[in-house]
1. Can you tell me how many residues within region C:65-85 are of a type in the set (G, A, S) and within 7 Å of chain A (Cβ to nearest Cβ)?
2. For region B:174-199, name all the residues that are open to solvent by 30 Å² or more (accessible area, probe 1.4 Å), more than 19 Å from B:L75 (Cα to Cα) and within 23 Å of the chain's Cα centre (by Cα).
3. Need a quick list: helices (runs of 4 or more DSSP H) entirely within region B:287-394 having at least 3 residues that are over 24 Å from B:L226 (Cβ atoms).
4. Determine which member of the set A:A108, A:A11 is buried (at least 24 other Cβ atoms within 10 Å of the Cβ) and part of a helix (DSSP H, G or I).
5. Being open to solvent by less than 30 Å² (accessible area, probe 1.4 Å) and assigned to a loop (DSSP other than H, G, I, E, B): is that true of A:G142 here?
6. Output the number of residues of region B:80-112 satisfying the condition of being more than 17 Å from the chain's Cα centre (by Cα) and either within 14 Å of chain A (Cβ to nearest Cβ) or surrounded by fewer than 23 Cβ atoms within 10 Å (Cβ to Cβ) (or both).
7. Taking region A:213-241 only, how many residues are in a helix (DSSP H, G or I) and either aromatic (F, W, Y) or open to solvent by less than 10 Å² (accessible area, probe 1.4 Å) (or both)?
8. Among the residues of region A:350-367, are any part of a helix (DSSP H, G or I), open to solvent by 10 Å² or more (accessible area, probe 1.4 Å) and at the interface with chain B (Cβ under 9 Å from one of its Cβ atoms)?
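The values are calculated or read from the model by the stated rules, or taken from the named source; none is laboratory data. If you're wondering where the values come from, they're calculated on a predicted model, not measured in any experiment. Neighbour counts run over all protein chains shown; Cβ positions are idealised from the backbone, glycine included. Areas reflect the complete protein model, heavy atoms only, side chains present, ligands, DNA and RNA absent. Shrake-Rupley method; radii C 1.70, N 1.55, O 1.52, S 1.80 Å.
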Amino acid sequence: METVLTDIPWALILILLPLGGGMLCFLWPRMARVFGLITAAGVMLSVVGLGWQLLKNGVYHHQVGGWGAPLGIDLYADGLSLLMLIATALVGFGVSLYSIGYFKPEKAIHFWPIWLFLLAALNALFLSADIFNLYVTLEMMGLAAVSLTALTGSREALSGAMRYLLATLLGSLAYLLGVALLYHGFGTVDIALLGQRVEATPYLWAALGLISAGLLLKTALFPLHFWLPPAHASAPAPVSGVLSALVVKASFYILLRLWLEIFEPIVDGEGIETLFGLLGVAAILYGSVQALRQTRLKLLIAYSTVAQIGYLFLAFPLAAAAGVTAWSAVAYLAISHALAKAAMFMAAGNLLQFGGHDRITGLDRVVQRLPLTAGAFALAGVSIMGLPPSGGFIGKWLLLEAALTQGRWDLVGVIILGGLLAAGYIFKVLGHTFTQAEVTHQSTEVPAGMEWAALLLAVGAILLGFLAAPLLMLVGIGDPFGISEIRS
Amino acid sequence: MNWNAWLPLLVIVSSLLPGLIIFSLAEQSVRLRTMLNLAGALTSLALIGWMLWGVYHGQHYELRLALLPGLDLVLRAGPLALFFATLSSVLWLITTIYAIGYLEESPHRSRFFGFFSLCVTATIGVALSGNLITFLLFYEMLTLTTYPLMVHRGTEEARRAGQTYLTYAVFGGALLLLGTVWLYTLTGTLEFTPQGFLADLGVEHHPALITIFALLIAGFGVKAALVPLHGWLPQAMVAPAPVSALLHAVAVVKAGAFGIVRIVYDVFGVEFASELGVTGPLAWLAAITIIYGSLRALSQDDLKRRLAFSTVSQVSYITLGVAIAGPIATIGGVVHLMHQGLMKITLFFCAGNLAETLGIHKVSEMDGVGRRMPWTMAAFTVGAFGMIGAPPIAGFISKWYLGLGALDAGQIWVIYVLVGSSLLNATYFLPILHRAWFREPSGSWPEERDFGRKETAWMLLLPPVLTALMAVGAGVLASAPFSPLEWVRFIAQREFYQP
Amino acid sequence: MSPAFSYALVGVGLFSIGLYALIVHAHLLRKILAINIMGSGVFLLLIALAKRTGDAQPDAVPHAMVITGIVVAVSATALALTLMLKVAAATGRAELPKEEQE
């Protein structure tokens, strides 16, 4: 039994299953919800299988079709990929569950195939081993995400999607140009080989600049974040969840990978990390302050994403001296934010459907009338604020530890301040869920599946707070952070 | 499977589980809800009693769960932990009865009792924490679970009071987090160790340690209502009386004070803390709070607000006892945790009775109420005299030990503070008693509810009488083998000072 | 300067022109055209640099990349044009609305 489990090519299944599922949803629209949920469940099981495989055999390497690099496509899975895949599977399942109740039939026909295609693209991205395949999967993901954003057909959604599309295409092209330069300079697109071959030539610097710029635009790091609030706020709620939770993390993942494997050994100490750190600080402060100013819930949550992305970049300046702690913090923040933000957007979707609007001051005694949703928002908020017990707390703790051991009081101050500001905007919302609105609107009922999906993901974010030891061990498989010592 | 390891967790579950179940109950299932509440409270009490017996006979109860590589969540039932846990459990049981009576016919009772149970879970977690990170976890959980109770009424006023509370509490939590992480990076451990674990660090770390001490005390000082971090407490009186009684008079405020106790005794060690020179400023801060709280109480006409400022003042006796850094003062301070809890909750119960039965919210409305509600006012009188420090009530014992401890440590100025504070207490409590007993009622009460020939509902009457009796008992029977005082003596001997 | 290198420079030039046009022009169709020009610039660069080994045979990998890139660009352009039409239908103008300050 055990050998059977480890012999199945789970990585391939992770890519092909959603593709097949999407196809089925396209061909049989009436059965789309069933296929969609089954596919999402299948993805979760496959991730478990892949995790098992990694635990037993170490990193996973597979040459698709038997053709190796450089012309063939290689699949590669280590601890970091596994973590992102876990986040994708969990959020994917939650979103699928939620979407069963959310979309009306005429929208659902379009939603399910594109959503499953997006899921396939995400999985393929996290399993890619060369920079060109990353480009392809990045584009697949981007196009699918844009289509989903535009799904409601409203003015805001369409213009938000258009802006998003232009931004994402610009980012991809900058990235591709960087890929071209790297290939020309070092003769390969395979990440591992590149890591061995790179030297500090002008090609490398140009590539670094282009790739970073392109990926920073796609990750919406301040000040390249302008496309995110309109897109994430006007998309349908489950789509907003996926966008904030997974899509922006995918481009960050690529940046992280390339940084760790290719760029960091060469450019160590040249100021790039400081730049990333500065932009991260700006993102945290700007995003949090903007979130506080919002009057509408989905925009508040979108700006919260802008702020939370900033935290991820704080690790770059800290990693030089406290690598394990800083990168572990990034991993933890990424997955916690994924679960918590998806839950938050889903809760916002519930509130929108319930009251017909998402004005924060108009949340009419929601804590009593939609307790599961209010609970989901509160628990997700706990993780976003970084309060214990939650995954967000673990990430914040690790980041603080890394900063304090290096005497980076500036970063310590920013992290603490960011948490306080987050508490400000989260509790602003929660406070209004208790009070009565001035004008009570007619309320529409919200399907139980939608409430439970939001709550389950939020509880997941909290549970992550207790699973740090096993999860960090998993992330270490294959030593993705390039640090061989075991964290004591 | 070591059964002993699971007992601390079971105690926590015994309040967590009923809370979660109660959330799902319909409003009308009063009986089921009451049964769950009482079952939880009694189970918790029984388990704590079992552990008390075990600890007295040398048993060890500890549970560890890996939080991060190298850092565990620890639940440990030592003597000090059980001291605070017993207080919380007993008062939870009594307050549950009170709350059921108080909130009869009120809306959203399932929500209320659900969060109420979660608060108790957090408080007991604070009590049973074996290291600073576990303490931090439950401490922040306490903030999160008390917030919904504060804004329970759903009015704009409640929402704003909740925001004030949160501003203070989250800010305090941030300071705590900073101090804790910093401490961890310096020492690699956060375990509560008798006599502290910092004395071996080199002298170059002392400035950092002093800053950490300030951060941690400030973080705990918010909940412990240490001036100038006390601003949230008077505003918190907008919550329903059971909330004010248990939470703001006992759980939240005592959790903060308990945190200060843990920091001084089990993290820094009281001798090392004196060496660092931080106990002096702490004592000053406590003294200022004691006097300031009493002065502000003088000018309050709203009864609950007067009691709130009295709490601000009284809780700092604990801090003062801790800061004087001598064995006798320690006993006085720590035992006041329990004594003050008993007396204050009595006072708040009575205030709630007055409000519920007669619509009285202000001291000026209390003329002659002693005749109308004799039992309630009798309990109130006991509590008031205890606050002033009159023997034989528990408050006298704490003040006596504090005074003796101050003499013993050569800090004579503390005695002036104690005497001054007792005088101030008298000045704002005695007039209330005078009004209640010796004046004629000035016409009809603001809003009377009819209970027939009875004074008020028995569920509102029994709790304050019980806690008042316990306050008297703790004082009169202070030398008896299992009194709070003897217990604290045992703790101080075992844990705080070199044998 | 070999022909390949001048092609590469033209590629970079196209990329820059396209970038400038993308930022400056407000009309969506121009923006989409700008993206396409940028794409063409990148592809040109890739192909130009493919003749690097000095052998008679150029390197096939960049050619494969360009073909893939063209496919992606076609799909992206199709999506972009459709979206543009929808935006124009919804707002009356084929332009992105000004950023609203919340």
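1. Here the count works out to 4.
2. B:L175
3. Per the criteria, B:327-358, B:369-372, B:374-388.
4. Result of the check over A:A108, A:A11: A:A11.
5. Answer is no for this residue.
6. Number satisfying all stated conditions: 13.
7. Matching residues across region A:213-241 total 12.
8. yes
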